[in-house]
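The values are calculated or read from the model by the stated rules, or taken from the named source; none is laboratory data. Just so you know, these numbers come straight off a predicted model, no measurement behind them. For neighbour counting, all protein chains shown are included, and Cβ atoms are generated from backbone atoms with ideal geometry for every residue, glycine included. These accessible areas exclude ligands, DNA and RNA; they are computed on the full protein's heavy atoms, side chains included. Shrake-Rupley method; radii C 1.70, N 1.55, O 1.52, S 1.80 Å.
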Amino acid sequence: MSLGLQKALESSYVMNTFARMPVEFVEGHGMTLVGDDGTEYQDFLAGIGVCSLGHCHPVLVEAIQRQAERLLHVSNYYYIERRGELAAILSKLASGDMDGALMIADAVRAGDEAAAVALGSPTESDQVWKTFFANSGAEANEGAMKLARLYAKRSGNGGNTIVALRGSFHGRTLETIAATMQDRLQDAFKPLPQDFLACTPNDVDELTALFEEHGSEICAVMVEPIQGESGVHPLTPEFFKAAHDLAHAHGALLIADEVQTGVFRSGKPFAFQTYGIEPDIMSLAKGIAGGVPMGAVMAKASVADAFNPGDHGTTFGGSALAVAASCAVLCELVRGEYDKHAREVGDYMAARLAGLPHVIDVRGCGLMLGCDLDDAAGDAHDVVSAALASGFVINATGAHTLRFLPPLICERQDVDALIDALSAILA
């Protein structure tokens, strides 16, 4: 169906919750999207950081096709094929054991189930992370907050309050909006769930004061290592460490929202690893299954074991289809050294962005980058529209900020093409 006909139907029957761009994508391959009229676009947004292997990667397509012919869904009352292997790979990655993750991925790819089980079985010295599979980032963050509060009641300090950062974004449910400290997202839905405290990102003194005042009332500090929706703002190492140390000193936990930053986008399996400090709980989504809806809550085993049967659940989370897709994506990312690739191409892209006219600041890590424009550049949303007309999909998070979340297959020549287009637009 053409763009015009689609717009006509959607205007009548689809809720008006997005200000959509005037394009209908009907096909994709690699870095390329194809509109309904056959126009090709280079994608530097990747479905908001979702399509980690680009569009229609053969490994993912084959996994989805194969699984769709066998089994889509049975519910979490039953065991799901490959879910254990997937959780084991995630645990190895979270612990920084890339070699262990690679060996399991190789065994999964080879179909050697015995080897996958043997390699995935933890030793006494392993830091084990346990995973709950959900459907989205909001669900993952809901699960992370539930687990933190339950752990505090059963094993921790008994607190119920969660410290969250101004400018954060954790989802669109009422609970995750309450944790998203942005008035523009909260005001229309008040009263919101309670027991949240706001802190300014990178303000160690303010965070310290919150703990001095509220102490054991606080069960967790929830942070994005790099705030994405506010314009790609990384936390400082000092603040990340303070959040970890203050939480633990008061019997609380550190939650890392890695929905946008995780799954190799930062140049590490997870962005917290760029700080050298481990959280207690982590939320994932977006790139974890390459475009198939999936989320995950990961926690160190000592924390995860606060959950008992009946404490949490989902109908669709961790389905046979989602697990097959995620397993294919993670095995490909682990085996393809995408951590190194994201770092190298991301550094190159950051340097090229910094050389553009009207760019006054470039921030981020790996292939999660943002840049601020000066007033003379005009509104960043107009730059996004001009880029689309030139065949490039990018994003603006505000009037002066562009955000880039390209697929992790992005190459330097793709960056060069984008920079040429932006140079002409910003000149």
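Let me understand segment 154-309 better: what is its radius of gyration from the alpha carbons, and its Dmax, in angstrom?
Reported Rg and Dmax, both Å: 14.9, 43.
Give me the dipole magnitude in Debye, nearest 20, for the chain about the Cα centre, with unit charges on the beta carbon: positive for Lys and Arg, negative for Asp and Glu.
840
So for the pair Thr173, Arg412, with labels modelled 7 Å out along Cα→Cβ, what separation do we get in nm?
Here the answer is 4.5 nm between the modelled labels.
Counting only DSSP beta bridges with both residues in the chain, tell me the antiparallel percent, nearest 5.
65
Which residue, chosen from Leu333, Val292, His381, occupies the Cα position most advanced towards the positive end of the dipole of the chain, where the dipole is computed from +1 (Lys, Arg) and -1 (Asp, Glu) charges on Cβ about the Cα centre?
The listed residue farthest towards the positive side: Val292.
Find which of Gly171, Thr39, Gly159 sits farthest along the positive direction of the dipole of the chain, computed with +1 on the beta-carbon of Lys and Arg, -1 on that of Asp and Glu, about the Cα centre.
Gly159
What relative contact order, as a whole-number percentage, does the chain give when Cα pairs under 8 Å and 6 or more residues apart are counted?
Relative CO of the chain lands at 21 percent.
Specify the inter-centroid distance of segment 102-160 and segment 205-231, based on alpha-carbon positions, in whole Å.
24
Amide H to amide H under 5 Å from Gly158: which residues, 5+ apart in sequence or cross-chain, H placed 1.01 Å off N in plane?
Those qualifying (amide H under 5 Å, at least 5 residues apart or on another chain) are Lys153.
What is the set of long-range amide H partners of Phe392 at a cut-off below 5 Å, with H atoms built 1.01 Å from backbone N?
Gln42
What is the spin-label model distance, in nm, from Ala115 to Leu3 if the labels are put 7 Å beyond Cα along the C-beta direction?
Each label point lies 7 Å from its Cα, and together they span 4.9 nm.
In whole Hz, what ³J(HN,Hα) sequence does segment 232-247 give by Karplus (6.51, -1.76, 1.60; θ = phi - 60°), x for Gly and Pro?
Karplus-based 3J(HN,Hα) across segment 232-247 equals 6, 10, x, 6, 6, x, 5, 6, 4, 5, 5, 4, 5, 5, 5, 4 Hz.
Restricting things to Cα coordinates, could you compute the convex hull volume per residue of the chain in Å³?
152
Please calculate the 1.4 Å probe accessible area of Tyr348, with all protein chains present, and give it to the nearest 10 Å².
Only protein atoms counted, so the area is about 60 Å².
Can you list residues from other chains, or at least 5 along the same chain, whose modelled amide H is less than 5 Å from the amide H of His400?
For His400, whose amide H was placed from the backbone, the distant partners under 5 Å are Ala380.
Of the listed peptides 322-329, 307-314, 383-390, what is their order by residue-averaged count of other C-beta atoms within 10 Å, with the highest listed first?
By packing density, highest mean first, the sequence is 322-329, 383-390, 307-314.
What are the ³J(HN,Hα) couplings of segment 370-384, residue after residue, when phi is run through the Karplus curve with 6.51, -1.76, 1.60 and θ = phi - 60°? Round to Hz, x for glycine and proline.
Coupling constants for segment 370-384: x, 9, 9, 10, 6, 4, 5, 6, x, 6, 4, 5, 5, 5, 4 Hz.
Within straight cross-link reach of Lys153, meaning Cα distance under 26 Å, which lysines are found once same-chain residues fewer than 8 apart are removed?
Within reach: Lys130, Lys241, Lys300.
If you count, for each residue, the other Cβ atoms within 10 Å and average over each peptide, how do 40-48, 202-210, 285-293 line up from highest to lowest?
Output ranking for 40-48, 202-210, 285-293: 285-293, 40-48, 202-210.
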